[in-house]
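As structure tokens, the structure follows; a few thoughts come after it.
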Amino acid sequence: MADYGFEDETVWSLIDGGSRLVIDGDYGCESVGRGSTLVDKKTGEIYFVTYLEAPDWFDAMTPVGSHPS
């Protein structure tokens, strides 16, 4: 799991997966089929949503931590 990710007022979106994704930021190595790992800030519930299900929501999230350049 990376030490960076995204958030909005209700959830944290975690970056998890292989080192090429987490360390190098190579999104070509992202898991296919499973959505992004989200953690509800209020309940701690973990769930998954794909970008295609809610692109505007994901695009509006704020980056957190030091993202690879």
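No value in this document is a laboratory result; all are computed from the given coordinates. None of the values given here were measured: they were computed from a predicted structure. We place every Cβ from the backbone using ideal geometry, glycine too, and count neighbours over all the protein chains shown.
In what sequence do Val11, Val39 fall when counting other Cβ within 10 Å, fewest first?
Going from least to most buried by this count: Val39, Val11.
Assuming 0.36 nm per residue, please report the length gained on full extension of the stretch Val39 to Asp16 beyond their Cα-Cα distance.
Extending this stretch completely gives an extra 7.0 nm.
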